[in-house]
Amino acid sequence: MRNRVIGGEFELTELPVNVRGKSDYYSYASGRAALYQILMSIKPSISKVWLPDWLCESMIDAVARSGRDYGFYKLGPDLRMEVAYFVAQNRPISVHDVIVLVNYFGLVDVESTIEELRELKVDAVIIEDDVQALFSFFDNVPHAHVADYCFTSLRKSLAIPDGGLVKTKKAMPVVHGENTFSSYKLQGALRKGFAVDSSEDDAYLSLFKQGEDLIANNFDSEMSKESETLLAYADIKAAAIRRMENAQYLLLELEQLGIAPLLTIKENHVPLFVPILIDCRNEVRRALFEHDIFCPVHWPLREDMAHLSMGKRMAEKELSLVVDQRYNAEDMQCIVQVLKNAIWK
């Protein structure tokens, strides 16, 4: 039996019997496809799309594919738009502009940013990116989701191979294009779930990569039936509770190491990861890899993104510590011990 592996794409050990229920969301193949479909639904009237200066390259690709012009706005240290600065630099902001606000790691107060924008008479279309905030996306708390559109991705937070959801009161297109990447992601997840030792890693990693390489071909594709079924069976509340428990355990241990999280994580926050900034990030990440702990970074910079100031800083120092529902306090302690050895060596 192999040693415990922490991180990487989600594994599956079963596929439930097909069930389809009524959905309150528009569904697409992925988060980037969801963003693309939102933009296409309002495309004729869009003047410019405003994106944050720290983002995943797939967001830029979705906007570029929609054929709209785009620019970037500055993020503050709390990873919220610096609203007054943005308005002063770009006034007048057209009602035909689109502003995309990212709920980083599920820890950013997007609603207060929207309130600030509206108080300054910014009537642009606002899209809330909840790709890193699936659990917030599903919240039905009062005064949440005041953006014109909210969208999320399933595969970042749950053992579901594909799917992007959109929540809006406006009409959205329904797509029926074949999803050509989900089967590879699903096969990879099942192969990983049944792997007994590292000799099988190449097989499932190859399937994951084949799926990843095809995602960009699926902007007009539907969410797979398998993912609809897995979502219907998913225990989202239990996943949220375990994530919060893991995050709070990790935060206490990190405090002893003198490491503060990139963002404040309150007890009722459900984080995608616990993000930290660390000068020796690459060395620490390698040490974690050597112990089968796979913590991602958000996000590598493409050449056309090199001018993004917050993106550049994060690409050099940010590390996302795994806290998802697959793991427990013992796993969190393994992460802490490797961090301690790597930092204090």
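Recomputing Cα extents along the principal axes in Å from the coordinates shown identifies the correct label among (1) 72, 55, 37; (2) 60, 47, 40; (3) 70, 40, 34 as (2).
Taking the Cα centre of each part, how many Å lie between region 91-158 and region 276-345? Centre-to-centre distance over Cα atoms comes out at 26 Å. For region 160-303, averaging the sequence separation of C-alpha pairs within contact (under 8 Å, six or more residues apart) and dividing by the residue count gives a relative contact order of 20 percent. If you average the sequence gap of Cα pairs under 8 Å that are 6 or more apart and divide by the length of the chain, what percent do you get for the contact order? Relative contact order, the chain: 22 percent.
Counting Lys and Arg as +1 and Asp and Glu as -1 over every other residue whose Cβ lies under 14 Å from the Cβ of ASP69, the net charge comes to +3.
Net charge in the neighbourhood of SER58 (other residues with Cβ under 14 Å of its Cβ; Lys, Arg +1, Asp, Glu -1) is -2. Model label sites at GLU303 and ASP69, defined 7 Å from Cα along the beta-carbon direction, differ in position by 2.5 nm. Using only alpha carbons, region 63-206 has a radius of gyration to Kirkwood radius ratio (Rg to Rh) of 1.07.
Computed from Cα atoms alone, the Kirkwood hydrodynamic radius reported for region 1-138 is 17.0 Å.
Diagonalising the gyration tensor over the Cα atoms of region 208-253 and scaling each eigenvalue by 5 before taking the square root yields semi-axes of 31, 17, 8 Å, largest first. The gain in end-to-end length when the GLU316 to THR180 segment is fully stretched comes to 45.6 nm, 0.36 nm per residue minus the alpha carbon separation.
Relative contact order of region 31-182: 22 percent, from C-alpha pairs under 8 Å at least 6 residues apart in sequence. Note on surface exposure: CYS334, CYS295 rank CYS334, CYS295 by accessible area, highest first, 1.4 Å probe. Taking every DSSP bridge with both residues inside the chain, close to 45 percent are antiparallel. Using a cut-off of 26 Å between Cα atoms, the listed pairs LYS156/LYS192; LYS43/LYS74; LYS48/LYS170; LYS121/LYS169; LYS121/LYS317 include LYS121/LYS317 as exceeding that distance. Carbon-plus-sulfur accessible fraction, region 221-312 (probe radius 1.4 Å, protein heavy atoms only): 51%. Modelled label positions at ILE343 and ALA88, each set 7 Å beyond Cα in the direction of Cβ, lie 3.6 nm from each other. Overall, the accessible surface of region 75-220 at a probe of 1.4 angstrom is composed of carbon and sulfur to the extent of 53 percent. In a fully extended conformation the segment linking GLU57 and GLU330 would gain 94.9 nm over its present Cα-Cα distance, using 0.36 nm per residue.
The values are calculated or read from the model by the stated rules, or taken from the named source; none is laboratory data. Bear in mind that the values here come from a model prediction, so they are computed numbers and not experimental data. We place every Cβ from the backbone using ideal geometry, glycine too, and count neighbours over all the protein chains shown. Accessible surface is based on the protein model in full, side chains and every heavy atom, while ligands, DNA and RNA are left aside. Shrake-Rupley method; radii C 1.70, N 1.55, O 1.52, S 1.80 Å.
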